[in-house]
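Let me begin by presenting the structure, written as structure tokens, before commenting on it.
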Amino acid sequence: MKRVISILFLAVIIGGSLAIQEGTIDDVDKVIFYALPHSHTDAGWYWTYNYYYNLAKNILNSVTDYLSTHEHARFTWSDHSFFRKWFNEEVKGKGEKEGKVRELIKNGHLDLINGGLVQNDEASSHMKETYTNFEE
């Protein structure tokens, strides 16, 4: 009996990852491919905060424009320091743009996750560092 395997592709700004369940392609009757748009923007890992913010600003502007015209599309954002700065400088008080962003969030097209100022290192972080990210 052949089986179905799911392929999860995490699209990131630089690079990506691929997770495939155990088995060989010969055992597979059908392959299901999931693309999850995601951007990981560090608030000062290699470049300065402002350099990363300019990248984040471009991502948020293009994503919100795209989501506004593609009703079935979704996007997940987790770096709230960049989102807050972008919202306050580029969106808040801008009438139609602010309404558009609020509507995208309300309808689940732009999903704000994590709740911390930056995306914590979920691969090897200690709980204390994860909590600190939410507290500060």
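Search the structure for amide H atoms under 5 Å from the amide H of Leu112, placed 1.01 Å from N in the peptide plane, and list their residues when 5 or more places away or on another chain.
Trp77
Ranked by accessible surface with a 1.4 Å probe, highest first, in what order do Thr69, Thr76 come?
The most accessible residue leads, giving Thr69, Thr76.
Counting only protein chains, not ligands or nucleic acids, how are Tyr53, Tyr46 ordered by accessible area (probe 1.4 Å), most first?
Tyr46, Tyr53
Mind checking the full-extension length gain between Asn50 and Glu98? Use 0.36 nm per residue of separation minus the Cα-Cα distance, one decimal, nm.
Here the answer is 15.0 nm.
The values are calculated or read from the model by the stated rules, or taken from the named source; none is laboratory data. Note that the structure is a prediction, hence the values are computed from the model and not measured. Note: areas computed on protein heavy atoms with side chains; ligands, DNA, RNA excluded. Shrake-Rupley method; radii C 1.70, N 1.55, O 1.52, S 1.80 Å.
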